[in-house]
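Everything on this sheet refers to the single structure shown next.
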Amino acid sequence: MSKLKSFILHLFCLLILISCLSFTSMQPALATVDDDQYEGNIFMLYAGNGSLVPAHATLAEALANHKPTMLAFYVDDSRDCKKYAIVISRIQSSYGSVAEVITVDVDRISLEATDSPTEPSYYYSGGVPQVVVFNQAGDVILNKKGQVPFEEIDDKFREMFDLLPRSESVELKRRSFNEFSSELSE
């Protein structure tokens, strides 16, 4: 019986040693917003909102349903897109229930020009990030490359939905999850 206990103890120590060695030989994950390295989906890493990818509807469906839509062209390995991911996430959290926010990975679209205005590639102009906003009639009301400020996009949505300008309205703040759950527990 003591030989069995000794064998199990040695085996256990050996497993611990192997585990420790494997953890010390791993490279750290270095994701940074200030480089052009690929670290994965930028919306999960930098915006905290993986719900943006994939989109809930295609551009053709959104336009057919007369739903205001925003196309956001990006690539995962661009520092500008990484920094801009939070703006797209803010738009989605503000207007995602009444408008369609469609993120388009430029690396996945066809480079051939398409004549169909229901395809995102029709609107892509060759730079990232790029934002294209459509009103309910399907007309383009904003088409800009670069890091378009949240306020500029927000202003277009406010005009579309006939909302007060930011200067005249109260900023809506979401409750944190902990505040909400603490109220439920009482």
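Quick notes
- Relative contact order of region 108-170, defined on C-alpha pairs under 8 angstrom at six or more residues apart (%): 19
- Label reach from VAL33 (point 7 Å along Cα→C-beta): in region 73-102, amide nitrogens under 20 Å belong to 73-95.
- The residues SER116, SER125, sorted by heavy-atom accessible surface at 1.4 Å with ligands and nucleic acids left out, run SER125, SER116 from largest to smallest.
- Averaged over residues, the count of other Cβ atoms within 10 Å places the peptides 150-162, 130-142 in the sequence 130-142, 150-162, highest first.
- Set of lysines with alpha-carbon distance to LYS144 below 29 Å, sequence-local pairs under 8 removed: LYS67, LYS82, LYS83, LYS156, LYS173
- Of the peptides 93-100, 70-77, 7-14, 33-40, the ranking by mean beta-carbon count within 10 Å, highest at the top, reads 70-77, 93-100, 33-40, 7-14.
- Solvent-accessible area of HIS66 with every protein chain in place, 1.4 Å probe, in Å² to the nearest 10: 120
The values are calculated or read from the model by the stated rules, or taken from the named source; none is laboratory data. All figures in this text were calculated on a predicted structure; none of them were measured in a lab. Counting neighbours? That spans all protein chains shown, and the Cβs are built from the backbone with ideal geometry, glycine included. To get the accessible areas, we keep the full protein, side chains included, count just its heavy atoms, and leave off ligands, DNA and RNA. Shrake-Rupley method; radii C 1.70, N 1.55, O 1.52, S 1.80 Å.
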